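The values are calculated or read from the model by the stated rules, or taken from the named source; none is laboratory data. Because the structure is predicted, anything quoted here is derived from the model rather than measured. Every residue, glycine as well, gets a Cβ built from its backbone with ideal geometry; the counts of neighbours run over all protein chains shown. In case anyone asks, the SASA skips ligands and DNA or RNA and just uses the protein heavy atoms, side chains included. Shrake-Rupley method; radii C 1.70, N 1.55, O 1.52, S 1.80 Å.
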Amino acid sequence: MKKASLLLLCGAMSVTAMSQTIQDAKKSLYYERYNTAKEQLQHIVKTDPANAESWYLLSKAYIMSKDAAPLKQVLATSPADVQSAPFYQVAYGSYLLNAGNKDSARYYFDQALDKKGQKNPDLLAAVANAHIVTRAGDVNYAIELLNKAIDRDKKDPALYTLLGDAFRKLGNGSEAYKVYSAGLDKDGKYAAGLYRMGKIFISQKNPEMYLKYFNQALEADSSYAPALYEMYYHYYFTDPQKAMAYFKQYVAKSDPDKDNDVLYTDLLYLNKQYQAAIANARQLLDRNSGDSMPRLYKLMAYSYLGMEDTTNAMANMNLYFAKEADSNKVAKDYEIMGDLYAAAGKPDSAITCYVRTVDMVKEPRDKFPYYKKLADLYKDQKDYLNQAKYLGLFYTDNTKASNIDLFNWGIATYKAEDYVQADTVFGTYIQKYPEQAFGYYWRARVNSAMDSTMEKGAAIPWYKQLITMIEDDPTNKTNKKWLIESYGYLAAYETNQVKDYKSATENLKKILEIDPENKDAQQYIAILEKKISADNNNSPSGSNK
């Protein structure tokens, strides 16, 4: 979690340390204002270096702010006579544990928790906290120490909250809930405890419950910035206006951090304040090295897209791709580039980007939109083989695909002259939609193309089934066209392969029934009738097919 404030909104804040006390520093730590706490405590240890607790709190501030690297040097400035004090030993042990030196850390913790230390709930909690917040910590040991601390001080809600944190780190949400609840029984207005309760329900993806507890935390203490951040983050995805309102409150009540300038710029974009988002992004790029913040180029590109300025959007996406590490690029980046290339009339580049997007998307169902985009691009290029490939990928296992998608796949395979696959696709169409004529017609066309000499009569069964389906409604324009084609194909097959001129003539006459002016039918009937008459005259029996 980023605990900071927005430079663009409120400017840098400084701590007037002259009058700071241990209680001020503890308050800053409670509100997770770790940089403020460091400034306060650095002043305190300078003015009162014998105060061992301030050294411990300073070590805690460094570790909690994820900035423990300088801690060894900081602790080395302490006077020798304070280094044997229990709180200082906890400070040094915390540093060692954070560095991964578990055995050495345990030595200092044991020194701090001698017989007297075991009776001090603050010392017990300090050692437990070190084990909870560091990767090398022993959480079960922390739980043991906190139970001892609670036995000594049953009214402090902070002890219950810390114990709940330990159970959460173990992944035991139900036990954490019980412990947090026990702490809130002691003080129902303890904002940190209410906030931690909300965090349990974030992991369970239960917004109704986590929003309830975050709101309760803010009702108890409107300055509790961690809850404000969570409210901002929730609404970031659902309500940008609310997210902006919570973010501004969070900024006002937390420490400065340059990262929040970027978060604020994101919110400007989400709130469709595109010009302001671009201006902020440029200001940040000017203030910092552009190469160190390449995602701002992407943010500007999205903002330009929001203003329908594809030229500037493309320019900024190109800068983003040039400066951002490949490992940081996501599928959406390649999709946007694909869309921009497609809009710019560069289909080959668009295809490359969409293929890369498909490779990066993990969930199969999330790949379908890109299959469709690829199919459309290949269709525009009249590359029907690749169009069919991606239409097939779009249709297969896609619960949202329709009969039209299946039909288009079949047509693409037909145009690609992949007749075997086309026959399979239209066979599937007939199986799924037996009451529709499209499947029969196109299966007939496909088999006609595969059997171009009509030697096998592969298309005949499908033309006959088509006729059966539509012959009762010959006035329909499509039906009329298909019936003429079907009867004509049957007549051609009967003439050239079967030599059944009588049947061929009958099929041609059926064409005239629905299209009396059809000159081809008239011409071929005349030819066939002459052929039949000649054959009858030459036949010993006086008859012919």
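Quick one: which residue in Tyr320, Tyr302, Tyr274 is farther than 25 Å from Lys389 by Cβ, hydroxyl-bearing (Ser, Thr, Tyr), at pLDDT 95 or above and open to solvent by less than 30 Å² (accessible area, probe 1.4 Å)?
On the way: Tyr302 fails: open to solvent by less than 30 Å² (accessible area, probe 1.4 Å); Tyr274 fails: open to solvent by less than 30 Å² (accessible area, probe 1.4 Å).
Selected residue: Tyr320, the only one of Tyr320, Tyr302, Tyr274 that is farther than 25 Å from Lys389 by Cβ, hydroxyl-bearing (Ser, Thr, Tyr), at pLDDT 95 or above and open to solvent by less than 30 Å² (accessible area, probe 1.4 Å).
I'm trying to understand the selection: among the residues of the range 249-271, which are closer than 13 Å to Pro226 by Cα, of a type outside the set (Gly, Ala, Ser) and open to solvent by 10 Å² or more (accessible area, probe 1.4 Å)? Spell out the reasoning first.
At the first step, the residues of the range 249-271 found to be closer than 13 Å to Pro226 by Cα are 249-255.
Imposing the further condition that a residue be of a type outside the set (Gly, Ala, Ser) reduces the set to 249-251, 253, 255.
Listed by number, the residues that qualify are Gln249, Lys253.
Residue pairs whose Cβ atoms lie under 7 Å apart, separated by 6 or more positions or on different chains, with the first residue in the range 239-261 and closer than 14 Å to Arg33 by Cα and the second open to solvent by less than 60 Å² (accessible area, probe 1.4 Å) and among the β-branched types (Val, Ile, Thr), are Asp255/Thr36. The set of residues in the range 207-245 being part of a helix (DSSP H, G or I) and polar (S, T, N, Q) consists of Asn215, Gln216, Gln241. Put simply, of Gln204, Gln249, Gln241 the only residue that is under 19 Å from Ser181 (Cβ atoms) and polar (S, T, N, Q) is Gln204. The residue that is surrounded by the most Cβ atoms within 10 Å (Cβ to Cβ), counting only those in the range 422-473 that are hydroxyl-bearing (Ser, Thr, Tyr) and within 15 Å of Asn507 (Cβ to Cβ), is Tyr463. The C-beta contact set for the range 317-338 (first residue more than 16 Å from Ser303 (Cα to Cα), second residue assigned to a helix (DSSP H, G or I) and at pLDDT below 95, distance under 8 angstrom, 6+ apart or interchain) comprises Lys323/Gly290; Lys323/Asp291; Glu324/Arg295; Asn328/Arg295. Looking only at the range 350-392, residues that are touching a Pro at 6+ places or on another chain (Cβ under 8 Å), in a helix (DSSP H, G or I) and not hydrophobic (A, V, I, L, M, F, W, C) come to 1 in all.
Table: residues versus (1) at pLDDT 95 or above; (2) touching a helix residue (DSSP H, G or I) at 6+ places or on another chain (Cβ under 9 Å); (3) open to solvent by 10 Å² or more (accessible area, probe 1.4 Å).
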site: Ala85; (1), (2), (3): yes, yes, yes
site: Ser104; (1), (2), (3): yes, yes, yes
site: Asp114; (1), (2), (3): no, yes, yes
site: Lys119; (1), (2), (3): no, yes, yes
site: Val127; (1), (2), (3): yes, yes, no
site: Ile132; (1), (2), (3): yes, yes, yes
site: Gly137; (1), (2), (3): yes, yes, yes
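Scanning the range 474-490 for residues that are over 27 Å from Lys456 (Cα atoms) and more than 50 Å from the chain's Cα centre (by Cα) yields Pro474, Thr475.
Among the conditions (1) more than 43 Å from the chain's Cα centre (by Cα); (2) modelled with pLDDT of 90 or more; (3) among the polar types (S, T, N, Q), Gln73 misses just one, which is (1). Among the residues of the range 64-78, those identified as open to solvent by 40 Å² or more (accessible area, probe 1.4 Å) and either in contact with a strand residue (DSSP E or B) (Cβ under 7 Å, 6 or more places away or on another chain) or not basic (Lys, Arg) (or both) are Met64, Asp67, Ala69, Pro70, Gln73, Ala76, Thr77. Inspection of the range 77-87 finds no residue satisfying the criterion of being of a type in the set (D, E, K, R), in contact (Cβ under 8 Å) with a residue 60 or more places away in the chain and over 18 Å from Ala128 (Cβ atoms). Within the range 399-424, the residues that satisfy the criterion of being in a loop (DSSP other than H, G, I, E, B) and not aliphatic (A, V, I, L, M) are Thr399, Lys400, Ser402, Glu417, Asp418. What about Asp535, is it more than 24 Å from Gly457 (Cβ to Cβ) and surrounded by 13 or more Cβ atoms within 10 Å (Cβ to Cβ)? For Asp535, the condition - more than 24 Å from Gly457 (Cβ to Cβ) and surrounded by 13 or more Cβ atoms within 10 Å (Cβ to Cβ) - is not met.
Yes/no matrix, rows are residues, columns are (1) of a type in the set (Asp, Glu); (2) within 30 Å of Arg445 (Cα to Cα):
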| site | (1), (2) |
| --- | --- |
| Tyr302 | no, no |
| Leu319 | no, no |
| Glu324 | yes, no |
| Thr352 | no, no |
| Leu377 | no, yes |
| Thr396 | no, yes |
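Listed by first and then second residue, the pairs with beta-carbon distance under 6 Å, at least 6 apart or on different chains, first residue in the range 217-229 and over 14 Å from Arg196 (Cα atoms), second open to solvent by 20 Å² or more (accessible area, probe 1.4 Å), are Ser223/Lys253.
Evaluate the range 330-346: report whether one residue or more is more than 25 Å from Pro369 (Cβ to Cβ), in a helix (DSSP H, G or I) and β-branched (Val, Ile, Thr). No: zero hits. Of all the residues in the range 195-230, those that are farther than 16 Å from Tyr246 by Cβ and open to solvent by less than 30 Å² (accessible area, probe 1.4 Å) number 3.
A single member of Asp156, Asp185 is more than 30 Å from Ala277 (Cα to Cα) and either without any contact (Cβ under 8 Å) to a residue 12 or more places away in the chain or surrounded by 23 or more Cβ atoms within 10 Å (Cβ to Cβ) (or both), and it is Asp185.
Within the range 54-83, which residues are acidic (Asp, Glu) and in contact with a helix residue (DSSP H, G or I) (Cβ under 9 Å, 6 or more places away or on another chain)? Spell out how you get there, then give the answer.
First, pick out the residues of the range 54-83 that are acidic (Asp, Glu): 67, 81.
Passing the criteria: only Asp67.
Answer with yes or no whether Asp339 is open to solvent by 20 Å² or more (accessible area, probe 1.4 Å), more than 20 Å from the chain's Cα centre (by Cα) and either of a type in the set (A, V, I, L, M, F, W, C) or within 26 Å of Glu308 (Cβ to Cβ) (or both). No.
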